[in-house]
1. If Arg36 meets every condition in (1) closer than 18 Å to Val9 by Cα; (2) surrounded by 12 or more Cβ atoms within 10 Å (Cβ to Cβ) apart from one, which number is that one?
2. Can you say whether Ala68 is surrounded by fewer than 15 Cβ atoms within 10 Å (Cβ to Cβ), at pLDDT below 95 and part of a strand (DSSP E or B), as far as the supplied structure shows?
3. Considering (1) modelled with pLDDT under 90; (2) touching a helix residue (DSSP H, G or I) at 6+ places or on another chain (Cβ under 9 Å); (3) surrounded by 13 or more Cβ atoms within 10 Å (Cβ to Cβ), say which one Leu17 fails and leave the rest.
4. Give Ser46, Ser26, Ser79 a once-over and let me know the one that is of a type in the set (Ser, Thr, Tyr) and more than 13 Å from the chain's Cα centre (by Cα).
5. Those residues that are farther than 18 Å from Ala77 by Cα and either surrounded by 16 or more Cβ atoms within 10 Å (Cβ to Cβ) or in contact with a strand residue (DSSP E or B) (Cβ under 8 Å, 6 or more places away or on another chain) (or both), I need them from the range 42-58; list them, please.
6. If His78 meets every condition in (1) at pLDDT 90 or above; (2) assigned to a loop (DSSP other than H, G, I, E, B) apart from one, which number is that one?
7. On the given criteria, is Ser3 of a type in the set (S, T, N, Q), on the phi < 0 side of the Ramachandran plot and at pLDDT below 90?
8. Pairs under 8 Å by beta carbon, first residue without any contact (Cβ under 8 Å) to a residue 60 or more places away in the chain in the range 32-46, partner hydroxyl-bearing (Ser, Thr, Tyr), six or more apart or different chains?
Amino acid sequence: MSSRSPAVVPPALCCPLTGQPLAYASREELAALNQRILAGGVTTSSGTAVARPVSMAIASSAWLYPMAHEGVFELTAHSAIAVAAG
């Protein structure tokens, strides 16, 4: 996995699926995710198709949580997107 942004996510926030700490997704992670989205077939953990590119997200080692609105992240288990394809 690429290096993450040095910006700090409050330590009280953790991945709802794994309990792991979160960090801001790197540009490389977002670019890879957006390529997968444009190719089709990316879904959230609940099976909802992801149709729009992600501009900002926070992530654990396995799951990514996109920014929903102006700096507010959708940190819910059903909105999680797998970091790796497959």
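The values are calculated or read from the model by the stated rules, or taken from the named source; none is laboratory data. Just so you know, these numbers come straight off a predicted model, no measurement behind them. Backbone-built Cβ (ideal geometry, glycine too); neighbour counts: all protein chains shown.
1. With respect to (1) closer than 18 Å to Val9 by Cα; (2) surrounded by 12 or more Cβ atoms within 10 Å (Cβ to Cβ), Arg36 is out only on (1).
2. So Ala68 fits the description; yes.
3. (1)
4. Matching residue, one of Ser46, Ser26, Ser79: Ser46.
5. Answer for the range 42-58, where residues must be farther than 18 Å from Ala77 by Cα and either surrounded by 16 or more Cβ atoms within 10 Å (Cβ to Cβ) or in contact with a strand residue (DSSP E or B) (Cβ under 8 Å, 6 or more places away or on another chain) (or both): just Ser55.
6. (2)
7. yes
8. Matching pairs, first to second residue: Thr44/Ser79; Ser45/Ser79; Ser46/Ser79.
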